[in-house]
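Asks: Next up is a structure, given as structure tokens.
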Amino acid sequence: MSFALRNLCVLAYANGFTLWHYKAGPDPLDEVAGQGFFADAADMLTTGDMIMISAQDGGRLAAVNLAHGSPALTDVRL
């Protein structure tokens, strides 16, 4: 499947930082975390935002990096 705006929601917002959640549904985690998946939400995302991704095959915490106007995700390792 492709990106669905209705599956992206804000969990918290403060000082220009937003913590998002994306419910991937049937989409595999690697597809959702791939380059350009969140391009349709580029006008809502800011570099440094974080997205919690929930998929059937796992979850991931990613940081947003707006490179050339299109969001790229970087895995967050704790």
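Asks: As a check on your grasp of the helix formula, calculate [θ] at 222 nm for the chain: sum -39500 (n - 2.57) over DSSP H runs of n ≥ 4, divide by the residue count, round to the nearest 500.
Replies: Helices in the chain give a 222 nm mean residue ellipticity of -500 deg cm²/dmol.
Asks: Taking the Cα atoms of the chain alone, what are Rg (to one decimal) and Dmax (as a whole number) in Å?
Replies: 11.3, 33
Asks: Could you list 64, 10 in order of exposure, starting from the residue whose Cβ has the fewest other Cβ atoms within 10 Å? Before the final figure, lay out each step's value.
Replies: Values: 64 22, 10 11.
So the ranking, lowest neighbour count to highest, is 10, 64.
Asks: Related question: Based on DSSP, what percent of beta bridges with both residues in segment 5-75 are antiparallel, to the nearest 5?
Replies: Details: 18 of 23 bridges.
Around 80 percent of the beta bridges assigned by DSSP in segment 5-75 are antiparallel ones.
Each value in this text was obtained by applying a stated rule to the coordinates, not by laboratory testing. For clarity, every value in this text was computed on a predicted model and none was experimentally measured. Cβ: placed from backbone, ideal geometry, glycine included. Neighbour counts: every protein chain shown.
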